[in-house]
1. Please go through region 135-185 and give me each residue that is part of a loop (DSSP other than H, G, I, E, B), more than 17 Å from residue 106 (Cβ to Cβ) and at pLDDT below 95, ordered by number.
2. Which condition from (1) under 19 Å from residue 50 (Cα atoms); (2) surrounded by 19 or more Cβ atoms within 10 Å (Cβ to Cβ); (3) touching a residue at least 40 places away in the same chain (Cβ under 8 Å) is the one that residue 170 breaks?
3. Restricting attention to region 106-125, and to residues there that are in a helix (DSSP H, G or I) and touching a helix residue (DSSP H, G or I) at 6+ places or on another chain (Cβ under 9 Å), which single residue is surrounded by the fewest Cβ atoms within 10 Å (Cβ to Cβ)?
4. Taking the criterion of being part of a helix (DSSP H, G or I), modelled with pLDDT under 95 and touching a helix residue (DSSP H, G or I) at 6+ places or on another chain (Cβ under 6 Å), would at least one residue in region 126-133 satisfy it?
5. What about residue 80, is it in contact (Cβ under 8 Å) with a residue 40 or more places away in the chain and within 16 Å of the chain's Cα centre (by Cα)?
6. Taking region 62-77, which residues are touching a strand residue (DSSP E or B) at 6+ places or on another chain (Cβ under 8 Å) and touching a residue at least 24 places away in the same chain (Cβ under 8 Å)?
7. With respect to the numbered conditions (1) in a strand (DSSP E or B); (2) out of contact with any helix residue (DSSP H, G or I) (no Cβ under 8 Å at 6 or more places or on another chain), which one is the sole condition not fulfilled by residue 72?
């Protein structure tokens with residue numbers, strides 16, 4: 001066999017061996033989970049939020065003309081601010097879609113008043129809450145403006161929590177000790193509460 005052919009054969013065998021070694025060293029990867037397609041929401045979306053302690057209320061159409069309304073979202077950001085520090089952060093618009101969809105699935109109109117008990121939390125507020133409340137998470141989605149706790153006076157909290165769990169829009173749980181429902185736009189999950 002001429003030198004160039006031997007060299008070519010050697011290179012091909014080396015490449016094949018390396019490829020096989022690479023395959024053997026990696027565990028097989030499971031196929032990606034199919035993404036669940038969420039049902040479409042109406043072209044106009046409205047929420048009515050109140051913070052009962054201060055009696056503040058926001059009644060806004062937060063989505064229309066194919067986009068989220070900046071002024072409406074600014075009002076939502078303000079209502080869902082950290083109540084201890086006054087700090088505001090942008091609230092994830094998908095959180096409002098989760099809430100809107102939840103109300104739609106219960107058959108309640110978008111004019112239904114939602115009583116917010118907690119929205120965005122600063123790092124300090126969250127750390128202090130974790131110290132005194134075993135239910136509070138150290139890496140809470142409240143820190144990112146992606147979570148809210150609330151009540152809907154027209155609905156029993158346990159039912160609201162159960163409906164939210166089935167929606168595949170993020171995390172959800174009902175807290176019987178405080179009577180509030182939590183939703184967030186993190187991964188789809190739920191957890192035990194007290």
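The values are calculated or read from the model by the stated rules, or taken from the named source; none is laboratory data. Since the model is a prediction, treat every value here as computed from it, not as a measurement. FYI the Cβ positions are ideal-geometry reconstructions off the backbone, even for glycines, and counts take in every protein chain you see.
1. Result: 135, 136, 137, 138, 139, 140, 176, 177, 178.
2. (1)
3. Here the answer is 123.
4. So the first thing to find is which residues in region 126-133 are part of a helix (DSSP H, G or I), and the list is 126-132.
When the remaining residues are screened for being modelled with pLDDT under 95, the result is 126-132.
With the extra rule that they be touching a helix residue (DSSP H, G or I) at 6+ places or on another chain (Cβ under 6 Å), the set shrinks to 126.
Checked against the condition, which is being part of a helix (DSSP H, G or I), modelled with pLDDT under 95 and touching a helix residue (DSSP H, G or I) at 6+ places or on another chain (Cβ under 6 Å), region 126-133 yields at least one hit.
5. Yes.
6. 62, 63, 68, 76
7. Of the numbered conditions (1) in a strand (DSSP E or B); (2) out of contact with any helix residue (DSSP H, G or I) (no Cβ under 8 Å at 6 or more places or on another chain), the odd one out for residue 72 is (1).
Residue-by-condition table, conditions (1) at pLDDT below 95; (2) farther than 24 Å from residue 171 by Cα:
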site: 40; (1), (2): yes, no
site: 50; (1), (2): no, no
site: 55; (1), (2): no, yes
site: 62; (1), (2): no, no
site: 92; (1), (2): no, no
site: 109; (1), (2): yes, no
site: 112; (1), (2): no, no
site: 115; (1), (2): no, no
site: 124; (1), (2): yes, no
